[in-house]
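A quick write-up on the structure given underneath.
The values are calculated or read from the model by the stated rules, or taken from the named source; none is laboratory data. Computed from a predicted structure; not experimentally measured. Neighbour counts are summed over all protein chains in view; Cβ atoms, including those assigned to glycine, are modelled from backbone coordinates with ideal geometry. With ligands, DNA and RNA removed, areas are computed over all heavy atoms of the protein, side chains included. Shrake-Rupley method; radii C 1.70, N 1.55, O 1.52, S 1.80 Å.
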Amino acid sequence: MTTPSDHAVHIIGAGPSGLMAAETLAGAGARVVVHDRMPSVGRKLLMAGRGGLNLTHTEDQSAFLARYAEAAEPISDWLDAFSPDDMTRWAQGLGQPTFVGSSGRVFPRAMKASPLLRAWLTRLAGLGVEIRTRSRWTGWRGEALTFDTPEGERVEHPAATVLALGGASWPRLGSDGLWVPALEGAGVAVSPLVPANAGFDVAWSDILSERFAGQVLKPASLTFGDQTVRGEMVVTRYGVEGGAIYALSAHLRAAIAAEGSATLVVDLRPDLTEAALAERLSRPRGKDSMTNHLRKAGGLSPVAVALLREIGDIPPGFDKLAKRIKAVRLKLTGIQGLERAISTAGGVEFAALNPSLMLTSKPGVFVAGEMIDWEAPTGGYLLQASLASGVVAAQGVLGWQASQTADTSPA
Ligand SMILES: Cc1cc2nc3c(=O)[nH]c(=O)nc-3n(C[C@H](O)[C@H](O)[C@H](O)COP(=O)(O)OP(=O)(O)OC[C@H]3O[C@@H](n4cnc5c(N)ncnc54)[C@H](O)[C@@H]3O)c2cc1C
């Protein structure tokens with residue numbers, strides 16, 4: 001069966017990367033149909049808005065790119081196509097002025113995603129983009145795309161396709177990773193989808209997990225191997241989470257996979273040297289309990305004292321105590337699952353793509369966003385790369401279509 005939308009560019013996935021591909025293609029005059037399996041679009045973007053919607057970061061380009069680790073090289077090309085400055089201008093163009101937070105992160109002033117998404121959908125409608133919700137892509141039949149819809153199966157013969165299906169974190173928001181078999185069946189190499197920016201398990205005592213769950217250690221300095229990051233660490237019932245943990249999560253995840261556990265070293269007083277801390281702790285304690293002394297003289301928060309006590313008795317001698325406070329060793333024994341991870345690592349391998357993000361084994365099919373095999377910590381790097389890859393994939397479609405036309409035109 002063919003339908004009136006045959007020969008449009010079909011974009012599957014109406015998250016940030018798919019919608020940006022739609023904007024770029026429709027802006028260039030292409031006929032675009034966007035599909036999403038959910039009843040409404042951009043659900044993960046809206047969820048990201050609950051945390052203020054960190055759009056991007058203002059740090060310099062080399063620091064920015066380093067966040068993508070091994071994927072920095074291809075992502076550098078994406079950021080040439082859509083840079084952090086472009087992101088800010090784009091949000092402003094949708095009526096969402098931005099501001100730079102103290103850590104250099106960029107947010108819309110509204111600190112949520114809904115007004116931005118509303119304005120974006122209005123813009124897309126103005127460009128003639130058709131959005132079909134409850135339209136779940138189920139795979140290929142020959143070169144055609146098949147969709148499961150409330151009206152039954154629908155088959156489309158696309159002029160080109162952009163897959164922007166997301167990873168597999170927070171599956172109830174739409175991206176469930178069920179696209180993997182279809183791509184593997186088409187000969188596309190896909191690395192296993194695993195949680196990124198997720199919490200880690202620690203076997204806390206009952207006291208720690210019951211009394212201190214939800215408390216934030218800030219500032220904390222966390223070291224794993226040769227990596228040290230500063231930021232916040234949140235104690236949870238199951239273990240630890242938070243920005244500083246997420247920044248180390250790729251290394252921690254790999255170590256746990258290889259060795260079963262990872263030892264994280266936490267500096268509870270990163271702003272003081274060991275000697276300065278020992279000097280403060282050596283001041284007369286008077287009638288204060290040790291806990292109060294640690295708080296008053298050592299400047300430790302209640303959760304910091306609890307973490308210190310969690311790993312053993314308070315050592316005798318101020319030098320030893322200062323050393324311990326500056327190197328609390330936590331054994332992480334596992335990573336939380338994909339269902340609550342902020343993002344997904346793994347996905348379509350770069351080796352399966354050309355620089356325009358077209359699948360080399362399936363000409364005319366492009367991919368974008370978190371379904372590609374890259375990861376980054378929180379800080380705006382996820383949305384930046386997702387949107388930028390949407391631009392690159394869309395430009396890839398336009399270039400590929402132009403080359404097809406050139407190939408078939410009479411000499
Ligand atoms: C709690 C939370 C907070 C976050 N906060 C931030 C933040 O502040 N800053 C930041 O940079 N990033 C943040 N992120 C990450 C960011 O939201 C994602 O990286 C981004 O949404 C990925 O965009 P995407 O378009 O690749 O995929 P998605 O947004 O996951 O969109 C994919 C779409 O594809 C659809 N789909 C999947 N399979 C099918 C199918 N078979 N057929 C049809 N449709 C399908 C899904 O329904 C979904 O709508 C956060 C994520 C979470 C979970």
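Rounded to the nearest 500, what is the 222 nm mean residue ellipticity of the chain from helices alone, with -39500 (n - 2.57) per DSSP H run of 4+ residues and division by all residues?
Numbers: 14 runs with 149 residues, N = 411.
The helix-only estimate for the chain comes to -11000 deg cm²/dmol at 222 nm.
Counting residues in region 226-273 as N, plug N into 2.2 N^0.38 Å and put the Cα Rg over that result. If you can, show how the numbers build up before the last one.
On the way: Rg = 11.5 Å, N = 48, 2.2 N^0.38 = 9.6 Å.
In units of the 2.2 N^0.38 Å rule of thumb, it is 1.20.
Which whole-number value in Å² is the accessible area per residue of region 200-335, probe 1.4 Å?
Using a 1.4 Å probe on heavy atoms only, each residue of region 200-335 averages 49 Å².
Over 21 Å between C-alpha atoms is what I'm after, so list which of Lys296/Lys320; Lys218/Lys296; Lys296/Lys326; Lys44/Lys362; Lys218/Lys326; Lys112/Lys218 land there. Write down the numbers at each step before the final one.
Numbers: Lys296/Lys320 18 Å; Lys218/Lys296 17 Å; Lys296/Lys326 17 Å; Lys44/Lys362 28 Å; Lys218/Lys326 14 Å; Lys112/Lys218 24 Å.
With Cα atoms farther than 21 Å apart: Lys44/Lys362; Lys112/Lys218.
Among Gly18, Gly139, Gly152, which one shows the highest mean-square fluctuation when the chain is modelled as a Gaussian network with alpha-carbon springs under 10 Å?
Among Gly18, Gly139, Gly152, the largest mean-square fluctuation in the Gaussian network model of the chain belongs to Gly152.
Which semi-axes, in whole Å and largest first, does the equivalent ellipsoid of region 200-335 have when worked out from the alpha carbon gyration tensor as the square roots of 5 times its eigenvalues? It would help to have the intermediate numbers written out before the result.
Details: eigenvalues 137, 50, 31 Å².
Semi-axis lengths for region 200-335 are 26, 16, 12 Å.
Can you give the FRET efficiency for His7 and Ala72, using 1/(1 + (r/R0)^6), R0 = 35 Å, r = Cβ-Cβ distance, to the nearest 0.05? Spell out each step's value before the answer.
Values: r = 37 Å, r/R0 = 1.06.
With R0 = 35 Å, the Cβ-Cβ based efficiency is 0.40.
So which DSSP H runs in the chain come out at 15 Å plus along the axis (Cα) with average Kyte-Doolittle of at least -0.5? Walk me through the intermediate numbers first.
Numbers: long enough: 16-27 (16 Å, 0.62); 114-126 (18 Å, 0.42); 243-259 (23 Å, 0.91); 381-408 (40 Å, 0.50).
Qualifying helices: 16-27, 114-126, 243-259, 381-408.
How large is the direction-averaged shadow of the alpha-carbon convex hull of region 251-297, in nm²?
Numbers: hull surface 19.5 nm².
With every direction weighted equally, the projected area is 4.9 nm².
What FRET efficiency would be calculated for the residue pair Gln61, Gln92, taking the C-beta separation as r and a Förster radius of 25 Å, to the nearest 0.05?
Numbers: r = 21 Å, r/R0 = 0.83.
With a Förster radius of 25 Å, E is 0.75.
Taking all pairs of distinct Cα atoms, average 1/r, flip it, and tell me the Kirkwood hydrodynamic radius of region 65-139 in Å to one decimal place.
Details: mean 1/r = 0.0669 Å⁻¹.
The answer is 14.9 Å.
May I ask you to give the percent of accessible area on the chain that is carbon plus sulfur, with a probe radius of 1.4 Å?
Details: 9240 of 17970 Å².
Answer for the chain is 51 percent, counting heavy atoms of protein chains only.
Stokes-Einstein diffusion coefficient for the chain at 20 °C in a medium of 1.002 mPa s, Rh from the Kirkwood formula over Cα pairs: what value in µm²/s?
Details: Rh = 23.1 Å.
Rounded to a whole number, D works out at 93 µm²/s.
Report the dimensions of region 79-122 along its three principal axes from the alpha-carbon atoms, largest first, rounded to Å.
29, 26, 12
Please give me, ordered by residue number, the trypsin sites (Lys or Arg not before Pro) of region 97-132 that lie in loop per DSSP and have at most 13 other Cβ atoms within 10 Å.
Working: sites: Arg105, Arg109, Lys112, Arg118, Arg123, Arg132; in loops: Arg109, Lys112.
Here the sparse-neighbourhood loop sites are Arg109.
If I build a Gaussian network model for the chain, linking alpha-carbon pairs within less than 10 angstrom, which residue out of Pro84, Pro150, Pro171 has the largest mean-square fluctuation?
Pro150
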